[in-house]
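The values are calculated or read from the model by the stated rules, or taken from the named source; none is laboratory data. Everything quoted here is computed from the prediction, not taken from an experiment. Virtual Cβ from ideal backbone geometry, glycine too; neighbours counted across all protein chains shown.
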Amino acid sequence: MAEKEKLSIVVFNGGLDHAQAAFIIATTAASMGMEVSMFFTFWGLNVIKKNEGSIPGKGLIRKMLNLINRGGSKRLTLSKFNMLGMGTWMMKKLMKEVNMPSIDELITMAHQMGVKMIACTTTCGVMGLPEDAFRSEVDTLAGAAYFLGEAREAKATLFI
Amino acid sequence: MAEKEKLSIVVFNGGLDHAQAAFIIATTAASMGMEVSMFFTFWGLNVIKKNEGSIPGKGLIRKMLNLINRGGSKRLTLSKFNMLGMGTWMMKKLMKEVNMPSIDELITMAHQMGVKMIACTTTCGVMGLPEDAFRSEVDTLAGAAYFLGEAREAKATLFI
Amino acid sequence: MAEKEKLSIVVFNGGLDHAQAAFIIATTAASMGMEVSMFFTFWGLNVIKKNEGSIPGKGLIRKMLNLINRGGSKRLTLSKFNMLGMGTWMMKKLMKEVNMPSIDELITMAHQMGVKMIACTTTCGVMGLPEDAFRSEVDTLAGAAYFLGEAREAKATLFI
């Protein structure tokens, strides 16, 4: 039996635009029969953080950073032209108008299509993020070695 | 007959610096005998928009977004140190001094060397960009499935 | 004898966050027995510039740009939430607390593990950077053709 072709994606930037691109590519690849894994690291972890709940992290600095960098699919902003939220609001409105699924819907779709989502252990360590800071669609926490294991078997690897 | 090795590039960020890197890599690869395809999406579409002409898009919000995010190779700015245009002006001056081709010239060169340029249908849909918003060197409009078809046959894929 | 699997990384963005990600991936890959090459271009050159010494570049504009864009591993800032340096200071403090190596230490480690570091000739030409603007761990200066030679043999290529 032929093995499935793999696609490996690092989601590093936590922008709404980057998340949208990453999940559209991931779900399209899955629908084409590819095996997709998404490795969320640094600001990218914001995409898969829960939208509700308290601010995690031990110590004042960590609490502050996790407050500023709160994350959650509903709090993502555009990496360009955010314009104090107005650009992001405009883009979301236009996306809705053409029936593009939201990040929340894309995460659910990706999960249902078997896309694997992994949160980077190292960043979680630095930022003091416990496993339950992430939504239920996230499969596991793992490090760079795990990502490289996927990448070297993948047909293509994207750093987004 | 041996097949040509492929290189697949996603141009996501519309910065002058990103565009310069993407086209230098693309034209170098083409000169080495590789088959190159460039997939322009999100802010990256600005690189291949026409420099002249009216602002496209139906509805006030779309018109406004396309005004702010006007694009065209001559309007690109650096993603860092733009400094209200001064950084971009300085960089362009230095590039000219060492005879580096402009983005305009790089697009023409790439096209003449057979580099394929594709505009992302999905982003065009959201932003209301018609096919004639793009310069003549652009080959076609296509979606993520097209890009993935290229990427899985490519020796390397870059997300820029 | 089996050839080593290759990993090819372009370091384009000079952020502290991007540098940290690039070097953690590079050193992890080297520890897994992969052959890693890092190609530093554009703002990425800041990561491997010497921390001390005078400002290089002929002509006023070049001098000014190299002053603003000074670089050196100790001067890198976060690409997001720098907040006039406070965000970067907070992140460095948290990284130290969990014993994460600094960029300086990661560069030394990478060099000792055989990771090849290459500075992009083209950017050096534009910015007027002589070879001795870079730290001793940098192996050589080379152009896009060199990078593409590595990328087409690599198991994975990342544009960071």
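A count restricted to segment A:72-108 and to residues that are part of a helix (DSSP H, G or I) and either touching a Pro at 6+ places or on another chain (Cβ under 8 Å) or of a type in the set (Ser, Thr, Tyr) (or both) stands at 3. Going by what's in this entry, would B:Met83 be described as within 10 Å of chain C (Cβ to nearest Cβ) and modelled with pLDDT of 95 or more? No; evaluated as a whole, the condition is false for this residue. Quick one: is A:Ala110 free of Cβ contacts under 8 Å to residues at least 60 places away in the same chain, touching a helix residue (DSSP H, G or I) at 6+ places or on another chain (Cβ under 8 Å) and among the aliphatic types (A, V, I, L, M)? No; evaluated as a whole, the condition is false for this residue. For residues that are over 14 Å from the mean Cα position of the chain (by Cα), within 22 Å of A:Glu137 (Cβ to Cβ) and of a type in the set (Lys, Arg), tally how many sit in segment A:71-102. Summing the residues that are over 14 Å from the mean Cα position of the chain (by Cα), within 22 Å of A:Glu137 (Cβ to Cβ) and of a type in the set (Lys, Arg) in segment A:71-102 gives 2.
So which residues in segment C:132-157 are more than 25 Å from C:Arg70 (Cα to Cα) and either outside any loop (DSSP other than H, G, I, E, B) or not aliphatic (A, V, I, L, M) (or both), if there are any at all?
Narrowing segment C:132-157 to residues more than 25 Å from C:Arg70 (Cα to Cα): C:145-146, C:148-157.
Listed by number, the residues that qualify are C:Ala145, C:Tyr146, C:Leu148, C:Gly149, C:Glu150, C:Ala151, C:Arg152, C:Glu153, C:Lys155, C:Ala156, C:Thr157.
Quick check: anything in segment C:44-66 in contact with a Phe, Trp or Tyr (Cβ under 6 Å, 6 or more places away or on another chain), farther than 20 Å from C:Ser136 by Cα and of a type in the set (D, E, K, R)? No, segment C:44-66 contains no residue that is in contact with a Phe, Trp or Tyr (Cβ under 6 Å, 6 or more places away or on another chain), farther than 20 Å from C:Ser136 by Cα and of a type in the set (D, E, K, R).
Just give me the residues in segment B:35-56 being farther than 15 Å from B:Val10 by Cα and surrounded by fewer than 20 Cβ atoms within 10 Å (Cβ to Cβ), in sequence order.
We begin by selecting, within segment B:35-56, every residue farther than 15 Å from B:Val10 by Cα; these are B:49-56.
Correct list: B:Lys50, B:Asn51, B:Glu52, B:Gly53, B:Ser54, B:Ile55, B:Pro56.
Filter segment C:1-25 down to the residues that are polar (S, T, N, Q) and farther than 20 Å from C:Thr108 by Cβ, then identify the one that is surrounded by the fewest Cβ atoms within 10 Å (Cβ to Cβ). Steps first, please.
Pass one, segment C:1-25, residues polar (S, T, N, Q): C:8, C:13, C:20.
Narrowing the set further to residues that are farther than 20 Å from C:Thr108 by Cβ leaves C:8, C:13.
Numbers: C:Ser8: 24, C:Asn13: 26.
So, considering only residues that are polar (S, T, N, Q) and farther than 20 Å from C:Thr108 by Cβ, the one surrounded by the fewest Cβ atoms within 10 Å (Cβ to Cβ) is C:Ser8.
One residue stands out among those in segment C:61-71 that are assigned to a loop (DSSP other than H, G, I, E, B) and of a type outside the set (D, E, K, R): the one that is surrounded by the most Cβ atoms within 10 Å (Cβ to Cβ), which is C:Gly71.
Within segment B:1-60, the only residue that satisfies the criterion of being facing another protein chain (nearest Cβ under 8 Å), of a type in the set (D, E, K, R) and part of a loop (DSSP other than H, G, I, E, B) is B:Glu5.
Could you tell me whether any residue of segment A:116-127 is in a helix (DSSP H, G or I), within 25 Å of C:Ala22 (Cα to Cα) and in contact with a Cys (Cβ under 8 Å, 6 or more places away or on another chain)? Checked segment A:116-127: no residue is in a helix (DSSP H, G or I), within 25 Å of C:Ala22 (Cα to Cα) and in contact with a Cys (Cβ under 8 Å, 6 or more places away or on another chain). Within segment A:19-42, does at least one residue satisfy the condition of being modelled with pLDDT under 95 and under 24 Å from C:Glu97 (Cβ atoms)? No: segment A:19-42 contains no residue that is modelled with pLDDT under 95 and under 24 Å from C:Glu97 (Cβ atoms).
Would you confirm whether or not segment B:122-135 contains a residue that is of a type outside the set (A, V, I, L, M, F, W, C) and at the interface with chain A (Cβ under 7 Å from one of its Cβ atoms)? Lay out the reasoning, then the answer.
Of segment B:122-135, the ones of a type outside the set (A, V, I, L, M, F, W, C) are B:122-123, B:125, B:128, B:130-132, B:135.
Add one more test, that the residue is at the interface with chain A (Cβ under 7 Å from one of its Cβ atoms), and what stays is B:122, B:125.
Yes: segment B:122-135 contains one or more residues that are of a type outside the set (A, V, I, L, M, F, W, C) and at the interface with chain A (Cβ under 7 Å from one of its Cβ atoms).
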